[in-house]
Amino acid sequence: MLCDVMKTLHDRGLLNVKGGNASIRGRGDYIWITPSKQPKHRLTPDDIVLMYFDGRYVGNSPPSIESKMHLHIYKTYGWVNAVVHAHSPLTTLVYELGLNVNVSDFVESMVSIPCIDSVGRCPPGSEELALSVREAVGKCPVVVLKGHGVVAVGRDIYSALNAIEALEDLSRAVLVKNTYSSAVQTHR
């Protein structure tokens, strides 16, 4: 599943070859997480890293640089079974421009995204980012990381993936609508 999700994200242009990460909760105090610095569109099950809640891991590569963020979320929210982090360029741009994003504008986003929160700029892989996202997930299952991307959590990996895709589609529509509205106002 993780390999499929990462390939889907890459194919949709939601992350670059070595960017982004995803994880799934195991049946104990561990997760399965994507590796660091590996081409995400070519991952195989053998590449996925087993990581324990205490930070130990087993795998051919170290876990994602964002593993702290994943672990903080899982340790805090027992209902979360999957975390997906993409670099969603249009969503990132919409939030950088300060445009209004209303999930009720489109059926898909309304169904897939209960709400969206955002966090300020934090260094990738930092404890500051991990704690900020953990706190935001307590409010909304989809979190925009300013200048960085999106994190979605869910009861399953495909719900989290679907939320990220729905938000990117909504962001595309917001940008088109904003561009169209600006062009109409300019020509009046």
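The values are calculated or read from the model by the stated rules, or taken from the named source; none is laboratory data. As the structure is a prediction and not an experimental result, all values here were calculated from the model. As a convention, Cβ positions derive from the backbone with ideal geometry for all residues, glycine included, and neighbour counts pool all protein chains shown.
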Legend entry - Selection from region 18-33 of residues that are over 12 Å from residue 82 (Cα atoms) and under 15 Å from the mean Cα position of the chain (by Cα): 18, 19, 20
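Taking region 29-71 as the region of interest, how many residues are outside any loop (DSSP other than H, G, I, E, B) and small (Gly, Ala, Ser)?
Residues flagged as outside any loop (DSSP other than H, G, I, E, B) and small (Gly, Ala, Ser) within region 29-71 amount to 1.
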Legend entry - Residue that is surrounded by the fewest Cβ atoms within 10 Å (Cβ to Cβ) [pool: residues in region 58-68 that are under 13 Å from residue 133 (Cα atoms) and touching a strand residue (DSSP E or B) at 6+ places or on another chain (Cβ under 7 Å)]: 67
Legend entry - Any pair with Cβ under 8 angstrom, 6 or more apart, that starts in region 156-168 at a residue that is of a type in the set (S, T, N, Q) and ends at one that is crowded, with 23+ Cβ neighbours inside 10 Å and assigned to a helix (DSSP H, G or I): 159/112; 162/112
Legend entry - Selection within region 53-72 - free of Cβ contacts under 8 Å to residues at least 12 places away in the same chain and among the β-branched types (Val, Ile, Thr): 58
Inset, instruction - State all residues of region 90-107 that are in a helix (DSSP H, G or I), over 17 Å from the mean Cα position of the chain (by Cα) and not hydroxyl-bearing (Ser, Thr, Tyr); if no residue qualifies, say none. - result: 97, 105, 107
Legend entry - Inter-residue pairs, beta-carbon under 6 Å, first in contact (Cβ under 8 Å) with a residue 12 or more places away in the chain and in region 73-91, second surrounded by 19 or more Cβ atoms within 10 Å (Cβ to Cβ) and acidic (Asp, Glu), 6+ apart: 85/66; 88/168; 90/168; 91/168
Legend entry - Test: residue 73 is closer than 23 Å to residue 16 by Cα, among the β-branched types (Val, Ile, Thr) and at pLDDT 95 or above: no
Inset, instruction - Determine, yes or no, whether residue 8 is touching a Pro at 6+ places or on another chain (Cβ under 8 Å) and of a type outside the set (Phe, Trp, Tyr). - result: no
Inset, instruction - Identify the residue in region 112-159 that is polar (S, T, N, Q), at pLDDT 95 or above and not in a loop (DSSP other than H, G, I, E, B) and, among all such residues, is nearest to residue 32 (Cα to Cα). - result: 159
